[in-house]
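J.: First the structure, which I've put down as structure tokens, then a few questions once you've had a look.
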Amino acid sequence: MVAKGESVHSMKNGFLVVPFRLPVTRFLPGDESKHHYMFVKKHQSKVQEEQSCLFVVNIPLLTGLETLKSAFNKIFAQYDTVSHIEDLLYHDEFGLREVDLSRLTSDLLSTGTPEETRFTPRNTALLKFVDEASVNNCLSALRKYSQSDKSKSIEWEYTSPSVSALLDFYKPLPKDYLKEDIAEHMSIFEQREQQAQ
Amino acid sequence: TTTTGSKGQSSGTAAQDIHIIRETAELFKSNIFKLQIDELLQQVKLKDSHILKVEKFLHMLHDLIHEVPEWEPKTIAEAESFFKGKVVRIPFVDPKPDPSSTNYKVDYKTPMISLVGSFALKAGIYQPHGSAIDVLLTMPEELFEKKDFLNFRCLHKRSVYLAYFTHHLNILFKRNKMDEFLQLEYSYFNNDTLLPILKISCKPQDSHISDYNFYKTKFSINLIIGFPYQIFDSKKLLPNRNCIRVASNEPNQSLPATPLYNFSILSSTTYETYLKYLHRAKKQTESFVQATTLGRLWLQQRGFSSKIAHSGTLGGFGTFEFAILMAALLNGGGNNGNKILLHGFSSYQLFKGVIKYLATMDLCNDGHLQFHSDNQSSSKYVEEGFQIPTLFDKTTKVNILSKMSVSSYEILKKSAQQTLTMLNDVVRDQFANVFLTNISRMDNFRYDICYDVVLPNGGKTKPEELTNSTFGPTERIKFITLENFLVNKIANVLKFALGDRIHFVDVELVGKRDTFPISKRKANSGTGNLLNFDLIRVKLLVNPSESEKLVTRGPKHSEEPTPEAVHFKNFWGSKSSLRRFKDGSITHCCVWSTSSTEPVISSIVNFALHKHLSEGTRILNDRTKQLQSFLPLPNLPASSKTSVLNLNSFYNLKRSFDDLYRIIFEMSLPLSVKSILPVGQAFRYTSLCHPVPFAYSNPDFFQEVVLEFETSPKWPDEITSLEKAKTAFLLKIDEQLQANHGDNYKSFFTRDESIPYNLDVILLNVLTPEGYGFKFRVLTERDEILYLRAISNAKKDLVPELEKTYMKFTSKYVASVRHARTLETLSHSIPFFSPVVRLFKRWLDAHLLLDHLNEELVELIALKPFVESSPYSVPGSVENGFLKVLKFLSQWNWKEEPLILDLVKPDEELESGSTDEDPKSTEKMNLGQFKGIQANFQNLRKTDPNGMHVQFFVASKIDPSGILYSSGIPLPIATRLTALSKVAVNLLQTHGFNKQTIDLLFTPALKDYDFVVHLKSPSPLKISSGILDSSEFKNLANDKLLNSFPSDTSSLSRKMDPTYQLVKYLNMKYKNSVIFFSHRYMAVNGGEKGDRNVITGLIKPFFKKPQKFRVNMDYNSKPIDEQTVELNRDAIFHEIAAFCSELLVKFDTD
């Protein structure tokens, strides 16, 4: 039984607790002891695509593959670990792809790949490694890291959108791109429709 | 002919059917009504114990009165010296008699004592603030001479009589040790200064509570001194006779009539007569007393009373007058004396009969009702009007309605008409509106505009200081008091000045004292005030269709000036001018100017009262301007001089759209265009900001349009491809637009996120040469099928999400068209809807709520006071409409009540009160439709009894589902909206409706949130959103008028609101655990330059305590122990700070 939250290393159901120190910002009261916590566990699946994966819970805001890679690499460096991350699967931070309307209205576009039917709950994703060895190396490094002194915690580097990135949402779609996209899509659609007949 | 005949017959049959259905519905309704009435009457019954208590005192009082010693005749001088050194003073009415020149004697002989009024009739009800019992002391005949009705003689005799009686009663109470708890005061009966009375009330006692202390019953006792019946020749006291002789400069001139004085004297002789008259009616009519109680409640809730209206109240018609009218109608009342009411009627039928009579018969201008209080012959409506409200008793020569003013009569009649409509309503239950809602509690809810008029020297103002009005001897005898004169003067001046701009005017004297110590002669003695009030409140009900017109038209010009022309010119003075109108006529008129913050009426009231009272008069109103300045002022030429009712900026946008519409319609496309349906807010005049050309930073700049093509079997049968196909069509439109009109029109494409999970919706955005923007979405006949198919194919747990998606589609593509069209039409007949809904949106956005609510929902809520106005009138000002929206929201128990709106033009002009042949009745919602909607609501609440999922059920004929625009609102938003409106209404009711409270009303309570993030955008948006600061100089603003779009459409994005995107993604990311709020309109609510915003957040209560660790818990958490986690606030705050990065100014956490 662990009394204080600060020293919880793993959860009862096998998830490792992976803390990252929150960066100092002049807008919020600074405190070295404040952390973001990820929960990580080895992923078990029969699906080919999902081999050599870690199941990751609670990924920080606007985190992509590269951000995650760089943070994990810092941990690997601390423990002289070699591990290669390949991909981040099913990461849908804003819940945009929770429902696939297209698949629900027609089976024409279905390609039968797991990508279309598989997903993980919100605020979770799969971190795919190049091979089984990488996964295991990563896990053992994370295990040591989670048990180490909090002062050795790695500081998380948030991705911040720039104002112009936010304003880009208002930008018109390039017409040429749009025309091409539509033409391409319509021809694929017609092909499939013909095949279906 | 045969066809026509049968057609006529069948329509006749149909009419008959409808009649039967109506009757059945009415019968059903009156049954329910009866149950409600029975319950109500039970609730207001006087407690028996209270009656016994006060009766014990009355018996004792009766005995004491007999102990008052009689007096010998005295001169006034002797009487005055009698009271020297005593506590009690003689409450002489003005003008006080001059002892040196008064010859008649005053005296005291034991009076006849009797109970009169409601208590005697056993028709009293329990009143939370207590009620008065009237005890009549009739002075013996021997004290009077035949001519005593002249020149105040009998009144002075009565004053001395009352003082002598009071003096002895006071002694007797002391002697019996009752002075410890009894309180004696003078008062004026029904506010009539000619009628001083003695009022007895009780004080609480700490110990040894006397048996006679009736404090707890909340009764008070009025001792009224009456004159014997028929002591004076009643003909001489008719309303058109003069009974106060004053010296006139011109000896041959006849003296004016003294109707108030005459009535006061005559009615002092008839208290018992009318008690007997009512008693007879009560005996003959089983439900008489109950109907009287209904009348009493109805009148009270509307602020009517028996008090004299001439000194400023909605007076002259209280329970007594209601009962007399009812009794008269039981004895006739029709043109031939036919009975209007029957003795066997139920209380509801009697009540409704009286209301209908008041609503439909004119008792002022074109006719009057006469009756006989001795029941010798039947009552009769006579088509002869006296221009004063008249209910004339041929027996006593009393006009029962003498205490009414024309204004109070007009408002009474209007109230009766509104009530009759409610009583005839077979669809809705109007019981509460008729009897339970007190509409007189706050003037600002009831009236459209109120002004406080302060005389040059306040209450100390002397008649001479009213430089522009004369209060001479003839005015004095006519009006009796300066107060009455002023009330009458102001009402008449305003009626003439405002004409058809208003429906009604009511004048109230604020700070008037009703009672005064027995040691004082009159109410304002010792106060230093000459006048018995502090200020005059003018209350107006506005006629919205005329209120803002620029010209007040007078009579036509002619060579020989007509009396009307002379009056017009004299009234307006320098303001009056001659103008030639389009029809060629030359007419006297006054020209006014409009303003964005003040109604034309304000200018007129100012001018007229200064001109006709005194230049020193101050006319105060610190709310209208303050509130209207919260409506964003558009950066358009002369906008500060544009009325709130002016919709030109919207019309300009519509014209620009019409041109584009024609261009698109004429295009030759693979499928031809079937319809182009504008659905944006500006088309229905409800957008928070006015449409301003080139103001593309405004979030509402691009107005939505739904485009439909001819039906085609070729639309793809899959949603992504369908959207792509639609885009292909839009691309074709774009191509042709650029090819043929590329010089004038710019166009581009954007992604649309309004339908959840449909990421392929593309909109065509078009910028017109006039400076407006429209965005087109395509609707096909296939869409609905596909969304429904998605629901049926989905796994069970996804169904609710997909149903939401479908609903969003329906509201955005289909219902929006009906909504836009209906509201556009309605707006034309409800002028104040547009500014009110825009102000309401401003309020919601000030409180960070607007972004969470559908525009349509907001608009429907704001429509409530306009289309379902009962028991009030349709709002006739921005302030009134806005207040009523808040009031409705504050009282709406959405858990149990649906909001069902009939989206048809409100019937204001209902003169006859009959709904039988109402041509609009077909458009109106019928009982079946209403019940159907109610059933929808009940079904909804069966599955969601506490409104956890859908709070606001808002339905109409065009959306019987009631949830189209309100599903998906987070519960905390709904409860916050209710709470904020409650706070707002409470604030106004306790601290008044003024500059300070209005500012508070629009100040967001940021302390209520778990955190507040302050943001500043690098580019200010105010100017590019087309908003003008009302404080900015006119010239400066004109320099900043926008006049073009950037040549490259992709640079439009530089002047958009980045914070909107932030909040959108934050809400998506944390949708499970945190609700974010922010201002949607940074240009309006974002400080001086429109570059500020805040993001506030509420952590959902569920996440404020530790939870078991689960994989699918979806929130940013930190471990507490091996099984439990809690919300990681610090990490979330850091994420938000990182997300807001460059925009962040300050981060407040609690």
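J.: Any idea how many residues of the range A:123-175 are within 27 Å of A:Val8 (Cα to Cα) and touching a strand residue (DSSP E or B) at 6+ places or on another chain (Cβ under 8 Å)?
T.: Qualifying residue count, the range A:123-175: 20.
J.: Can you name every residue in the range A:184-197 that is more than 8 Å from chain B (Cβ to nearest Cβ) and free of Cβ contacts under 8 Å to residues at least 40 places away in the same chain?
T.: Passing the criteria: A:Glu184, A:Ser187, A:Ile188, A:Glu190, A:Gln191, A:Gln194, A:Gln195, A:Gln197.
J.: Also, I was wondering about something else. Taking the range B:1101-1118 only, how many residues are facing chain A (nearest Cβ under 9 Å) and not in a loop (DSSP other than H, G, I, E, B)? Walk me through it before giving the result.
T.: We begin by selecting, within the range B:1101-1118, every residue facing chain A (nearest Cβ under 9 Å); these are B:1109-1118.
Checking the rest, the ones that are also not in a loop (DSSP other than H, G, I, E, B) come to B:1117-1118.
Of the residues in the range B:1101-1118, 2 are facing chain A (nearest Cβ under 9 Å) and not in a loop (DSSP other than H, G, I, E, B).
J.: Ok, one more. Of the conditions (1) part of a helix (DSSP H, G or I); (2) touching an Asp or Glu at 6+ places or on another chain (Cβ under 9 Å); (3) crowded, with 17+ Cβ neighbours inside 10 Å, B:Leu61 satisfies every one except a single condition; which number is it?
T.: With (1) part of a helix (DSSP H, G or I); (2) touching an Asp or Glu at 6+ places or on another chain (Cβ under 9 Å); (3) crowded, with 17+ Cβ neighbours inside 10 Å applied to B:Leu61, the lone miss is (2).
J.: Here is a list of conditions, (1) open to solvent by less than 20 Å² (accessible area, probe 1.4 Å); (2) part of a helix (DSSP H, G or I); (3) in contact with a Lys or Arg (Cβ under 8 Å, 6 or more places away or on another chain), and B:Ala523 meets all of them except one; can you say which number that is?
T.: (2)
Okay, residues lined up against (1) within 22 Å of A:Gly14 (Cα to Cα); (2) more than 14 Å from chain B (Cβ to nearest Cβ):
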| site | (1), (2) |
| --- | --- |
| A:Val57 | yes, no |
| A:Pro60 | yes, no |
| A:Leu68 | yes, yes |
| A:Phe76 | yes, yes |
| A:Tyr79 | yes, yes |
| A:Leu88 | yes, yes |
| A:Arg97 | no, no |
| A:Asp100 | no, no |
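J.: Same structure again: For the range B:491-534, what are the residues that are of a type in the set (A, V, I, L, M, F, W, C) and closer than 16 Å to B:Ile197 by Cβ?
T.: B:Phe516, B:Ile518, B:Ala523
J.: Return a yes/no flag: does the range B:534-547 have any residue that is under 23 Å from B:Ser643 (Cα atoms), open to solvent by 30 Å² or more (accessible area, probe 1.4 Å) and either in contact with a Ser or Thr (Cβ under 9 Å, 6 or more places away or on another chain) or in contact (Cβ under 8 Å) with a residue 24 or more places away in the chain (or both). Working first, answer last.
T.: Looking only at the range B:534-547, we keep the residues that are under 23 Å from B:Ser643 (Cα atoms), and these are B:538-547.
Then drop every residue that is not open to solvent by 30 Å² or more (accessible area, probe 1.4 Å), which leaves B:545-546.
This time we only want the ones that are either in contact with a Ser or Thr (Cβ under 9 Å, 6 or more places away or on another chain) or in contact (Cβ under 8 Å) with a residue 24 or more places away in the chain (or both), so: B:545-546.
Yes, some residue in the range B:534-547 is under 23 Å from B:Ser643 (Cα atoms), open to solvent by 30 Å² or more (accessible area, probe 1.4 Å) and either in contact with a Ser or Thr (Cβ under 9 Å, 6 or more places away or on another chain) or in contact (Cβ under 8 Å) with a residue 24 or more places away in the chain (or both).
J.: While we're here: Quick one: count up the residues across the range B:753-770 that are open to solvent by 10 Å² or more (accessible area, probe 1.4 Å), within 14 Å of another protein chain (Cβ to nearest Cβ) and over 41 Å from the mean Cα position of the chain (by Cα).
T.: Total satisfying the criteria: 4.
J.: Additional query: I'd like to verify a number: residues in the range B:429-455 that are in contact with a Pro (Cβ under 6 Å, 6 or more places away or on another chain) and either open to solvent by 20 Å² or more (accessible area, probe 1.4 Å) or assigned to a strand (DSSP E or B) (or both), how many? Steps first, answer last, please.
T.: Initial filter on the range B:429-455 (in contact with a Pro (Cβ under 6 Å, 6 or more places away or on another chain)): B:433, B:437, B:439.
Adding the requirement that they be either open to solvent by 20 Å² or more (accessible area, probe 1.4 Å) or assigned to a strand (DSSP E or B) (or both) leaves B:433, B:437.
Final tally of qualifying residues: 2.
J.: Taking the conditions exactly as written (under 27 Å from B:Glu185 (Cα atoms), without any contact (Cβ under 8 Å) to a residue 60 or more places away in the chain and either open to solvent by less than 60 Å² (accessible area, probe 1.4 Å) or in contact with a strand residue (DSSP E or B) (Cβ under 8 Å, 6 or more places away or on another chain) (or both)), does B:Ser558 satisfy them or not?
T.: On the way: under 27 Å from B:Glu185 (Cα atoms): no; without any contact (Cβ under 8 Å) to a residue 60 or more places away in the chain: yes; either open to solvent by less than 60 Å² (accessible area, probe 1.4 Å) or in contact with a strand residue (DSSP E or B) (Cβ under 8 Å, 6 or more places away or on another chain) (or both): yes.
Considered against the rule, which asks whether it is under 27 Å from B:Glu185 (Cα atoms), without any contact (Cβ under 8 Å) to a residue 60 or more places away in the chain and either open to solvent by less than 60 Å² (accessible area, probe 1.4 Å) or in contact with a strand residue (DSSP E or B) (Cβ under 8 Å, 6 or more places away or on another chain) (or both), B:Ser558 comes out as no.
J.: So, in the range A:161-181, exactly how many residues are of a type in the set (Ser, Thr, Tyr), within 7 Å of chain B (Cβ to nearest Cβ) and either assigned to a helix (DSSP H, G or I) or in contact (Cβ under 8 Å) with a residue 12 or more places away in the chain (or both)? If you could, list the steps in order and put the result at the bottom.
T.: Here is the first cut: in the range A:161-181, the residues of a type in the set (Ser, Thr, Tyr) are A:162, A:164, A:170, A:177.
So of that shortlist, the ones also within 7 Å of chain B (Cβ to nearest Cβ) come out as A:162, A:170.
Cutting the leftovers down to either assigned to a helix (DSSP H, G or I) or in contact (Cβ under 8 Å) with a residue 12 or more places away in the chain (or both) gives us A:170.
Selection size over the range A:161-181: 1.
J.: Shifting gears a bit: Exactly one of these conditions fails for B:Asp783: (1) touching a residue at least 12 places away in the same chain (Cβ under 8 Å); (2) within 29 Å of B:Ser1025 (Cα to Cα). Give me its number.
T.: (2)
J.: Scan the range B:771-799 residue by residue and report those that are more than 11 Å from chain A (Cβ to nearest Cβ) and surrounded by fewer than 16 Cβ atoms within 10 Å (Cβ to Cβ). Talk me through it step by step, then tell me what you get.
T.: Initial filter on the range B:771-799 (more than 11 Å from chain A (Cβ to nearest Cβ)): B:771-781, B:784, B:796.
Within the range B:771-799, B:Glu781, B:Glu784, B:Lys796 qualify.
J.: Here is a follow-up. When you check B:Gly316 against the structure, is it in a loop (DSSP other than H, G, I, E, B) and surrounded by fewer than 24 Cβ atoms within 10 Å (Cβ to Cβ), yes or no? Spell out how you get there, then give the answer.
T.: On the way: in a loop (DSSP other than H, G, I, E, B): yes; surrounded by fewer than 24 Cβ atoms within 10 Å (Cβ to Cβ): no.
Against the criterion (in a loop (DSSP other than H, G, I, E, B) and surrounded by fewer than 24 Cβ atoms within 10 Å (Cβ to Cβ)), B:Gly316 does not qualify.
J.: Moving to a separate point now. Would you call B:Lys96 outside the structural domain of B:Leu278 (by TED's automatic domain parsing), charged (D, E, K, R), under 25 Å from B:Val246 (Cα atoms) and assigned to a loop (DSSP other than H, G, I, E, B)? Before you say what the answer is, go through the steps one by one.
T.: Numbers: outside the structural domain of B:Leu278 (by TED's automatic domain parsing): yes; charged (D, E, K, R): yes; under 25 Å from B:Val246 (Cα atoms): yes; assigned to a loop (DSSP other than H, G, I, E, B): yes.
Yes.
J.: In addition: Take the range B:1062-1079 and flag every residue that is open to solvent by 10 Å² or more (accessible area, probe 1.4 Å), polar (S, T, N, Q) and either more than 9 Å from chain A (Cβ to nearest Cβ) or free of Cβ contacts under 8 Å to residues at least 12 places away in the same chain (or both).
T.: Within the range B:1062-1079, B:Asn1067 is the sole residue that qualifies.
J.: Let me ask you something else. Only residues that are of a type in the set (Lys, Arg), within 30 Å of B:Asp1148 (Cα to Cα) and loosely packed, with under 13 Cβ neighbours inside 10 Å: list them for the range A:25-56, please. Spell out the reasoning first.
T.: Start the filter on the range A:25-56 by keeping residues that are of a type in the set (Lys, Arg), which leaves A:26, A:34, A:41-42, A:46.
Filter again for within 30 Å of B:Asp1148 (Cα to Cα), leaving A:26, A:34.
Within the range A:25-56, A:Arg26 is the sole residue that qualifies.
J.: What pairs come up if the first residue lies in the range B:375-399 and is more than 16 Å from B:Asp362 (Cβ to Cβ), the second is acidic (Asp, Glu) and open to solvent by 60 Å² or more (accessible area, probe 1.4 Å), and their beta carbons are under 8 Å apart, counting only those six or more places apart or on different chains?
T.: B:Thr395/B:Asp374
J.: Of the residues A:Arg143, A:Arg122, only one is under 21 Å from A:His91 (Cβ atoms), open to solvent by 30 Å² or more (accessible area, probe 1.4 Å) and of a type in the set (Lys, Arg); which?
T.: Values: A:Arg143 fails: under 21 Å from A:His91 (Cβ atoms).
Checking each option against the conditions leaves just A:Arg122.
J.: Quick check on my filter: what residues within the range A:50-76 are more than 9 Å from the chain's Cα centre (by Cα), more than 14 Å from A:Glu155 (Cα to Cα) and of a type in the set (Gly, Ala, Ser)?
T.: A:Ser52
J.: Is the range B:576-597 home to any residue that is part of a loop (DSSP other than H, G, I, E, B), touching a Gly at 6+ places or on another chain (Cβ under 9 Å) and of a type in the set (Gly, Ala, Ser)?
T.: Pass one, the range B:576-597, residues part of a loop (DSSP other than H, G, I, E, B): B:581-585, B:592-597.
From the residues that got through so far, the ones that are touching a Gly at 6+ places or on another chain (Cβ under 9 Å) too are none.
Scanning the range B:576-597, I find no residue that is part of a loop (DSSP other than H, G, I, E, B), touching a Gly at 6+ places or on another chain (Cβ under 9 Å) and of a type in the set (Gly, Ala, Ser), so the answer is no.
J.: Do you know which residues across the range A:131-160 are assigned to a helix (DSSP H, G or I) and of a type in the set (Gly, Ala, Ser)?
T.: Filtering the range A:131-160 down to residues assigned to a helix (DSSP H, G or I) leaves A:132-147, A:150-152.
Passing the criteria: A:Ala133, A:Ser134, A:Ser140, A:Ala141, A:Ser146, A:Ser151.
J.: Tell me, please, whether a residue that is of a type in the set (Ser, Thr, Tyr), under 26 Å from the mean Cα position of the chain (by Cα), surrounded by fewer than 24 Cβ atoms within 10 Å (Cβ to Cβ) and not assigned by TED's automatic domain parsing to the domain that holds B:Asp452 can be found in the range B:353-375.
T.: Keep residues of the range B:353-375 that are of a type in the set (Ser, Thr, Tyr), which gives B:357, B:360, B:373.
Those left that are additionally under 26 Å from the mean Cα position of the chain (by Cα): B:357, B:360.
Applying the additional criterion that residues be surrounded by fewer than 24 Cβ atoms within 10 Å (Cβ to Cβ) yields B:357, B:360.
Retained after the next criterion (residues that are not assigned by TED's automatic domain parsing to the domain that holds B:Asp452): B:357, B:360.
Yes, because at least one residue in the range B:353-375 is of a type in the set (Ser, Thr, Tyr), under 26 Å from the mean Cα position of the chain (by Cα), surrounded by fewer than 24 Cβ atoms within 10 Å (Cβ to Cβ) and not assigned by TED's automatic domain parsing to the domain that holds B:Asp452.
J.: Also, I was wondering about something else. Mind checking whether some residue in the range B:722-742 is more than 9 Å from every other protein chain (Cβ to nearest Cβ) and assigned to a loop (DSSP other than H, G, I, E, B)? Break it down into steps so the answer makes sense when it comes.
T.: So in the range B:722-742, the residues more than 9 Å from every other protein chain (Cβ to nearest Cβ) come out as B:723, B:726, B:729-730, B:732-733, B:735-742.
In the following step, the residues that additionally are assigned to a loop (DSSP other than H, G, I, E, B) were identified as B:742.
Within the range B:722-742, one or more residues are more than 9 Å from every other protein chain (Cβ to nearest Cβ) and assigned to a loop (DSSP other than H, G, I, E, B).
J.: Also, quick follow-up: Out of B:Ala123, B:Ala163, B:Ala132, report the one residue that is of a type in the set (A, V, I, L, M), modelled with pLDDT under 90 and either surrounded by 19 or more Cβ atoms within 10 Å (Cβ to Cβ) or under 44 Å from the mean Cα position of the chain (by Cα) (or both). Let's see the steps before the verdict.
T.: Working: B:Ala163 fails: modelled with pLDDT under 90; B:Ala132 fails: modelled with pLDDT under 90.
One residue alone meets the criteria, B:Ala123.
J.: Still on this structure, please answer the following. Kindly indicate which of B:Leu1127, B:Leu1098, B:Leu1143 is open to solvent by less than 50 Å² (accessible area, probe 1.4 Å) and within 10 Å of chain A (Cβ to nearest Cβ). If you could, list the steps in order and put the result at the bottom.
T.: On the way: B:Leu1127 fails: within 10 Å of chain A (Cβ to nearest Cβ); B:Leu1098 fails: within 10 Å of chain A (Cβ to nearest Cβ).
Checking each option against the conditions leaves just B:Leu1143.
The values are calculated or read from the model by the stated rules, or taken from the named source; none is laboratory data. All values derive from a computational prediction rather than experimental measurement. Counting neighbours? That spans all protein chains shown, and the Cβs are built from the backbone with ideal geometry, glycine included. These area figures cover heavy atoms from the full protein model, side chains too; ligands, DNA and RNA do not enter into them. Shrake-Rupley method; radii C 1.70, N 1.55, O 1.52, S 1.80 Å.
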